[in-house]
Amino acid sequence: MPHRAPTRTALTEQLGDSARYPLLIHGTRSDTLTEAHAKELASRRPHTSLAQLPTGHTVHETAPDGFAATVSAFLDTLKG
């Protein structure tokens, strides 16, 4: 049987509040996404949190500990 991508509803159920309150992590040294663009992207989607780390574009790769700490702290805010 071919692999089928989950529906939007299934993804929302899996992601819970993180689907309603997204997090955008921006590497401030990115040549791909400027700070202005990151702020604009975050402002276009309600309830989006913008976190910035002093890394390049691939934040998860260049600063895995900072990325993990940022995601963990964000998820903790959703538990409240």
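The values are calculated or read from the model by the stated rules, or taken from the named source; none is laboratory data. Source: prediction; values computed, not measured. Counting neighbours? That spans all protein chains shown, and the Cβs are built from the backbone with ideal geometry, glycine included. Remember, those area values only see protein heavy atoms, side chains included, never the ligands or the DNA or RNA. Shrake-Rupley method; radii C 1.70, N 1.55, O 1.52, S 1.80 Å.
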Scan segment 66-80 and report the pairs whose first residue is of a type in the set (Lys, Arg) and whose second residue is outside any helix (DSSP H, G or I) and at pLDDT 95 or above, with Cβ atoms within less than 8 Å and a gap of 6+ or a chain change. none
Restricting attention to segment 54-80, and to residues there that are touching a strand residue (DSSP E or B) at 6+ places or on another chain (Cβ under 6 Å) and aliphatic (A, V, I, L, M), which single residue is nearest to Thr28 (Cα to Cα)? Val59
Across segment 22-38, what is the number of residues that are touching a residue at least 24 places away in the same chain (Cβ under 8 Å), open to solvent by 40 Å² or more (accessible area, probe 1.4 Å) and among the β-branched types (Val, Ile, Thr)? 2
Quickly run through segment 43-58 and pick out the residues that are within 22 Å of Arg20 (Cα to Cα) and modelled with pLDDT of 95 or more. Leu50, Ala51, Gln52
Do any residues in segment 39-63 that are on the phi > 0 side of the Ramachandran plot and of a type in the set (S, T, N, Q) have Cβ atoms under 8 Å from those of residues that are crowded, with 16+ Cβ neighbours inside 10 Å and not in a helix (DSSP H, G or I), where the two are at least six apart or on different chains, and which pairs are they? none
Against the conditions (1) touching a Lys or Arg at 6+ places or on another chain (Cβ under 9 Å); (2) modelled with pLDDT under 95, where does Gln14 fall short? Just the number, please. (1)
What tally of residues in segment 23-80 results from selecting those that are within 14 Å of the chain's Cα centre (by Cα), part of a loop (DSSP other than H, G, I, E, B) and not basic (Lys, Arg)? 6
Those residues of segment 39-51 which are open to solvent by 50 Å² or more (accessible area, probe 1.4 Å), touching a helix residue (DSSP H, G or I) at 6+ places or on another chain (Cβ under 7 Å) and of a type outside the set (A, V, I, L, M), in sequence order: His47
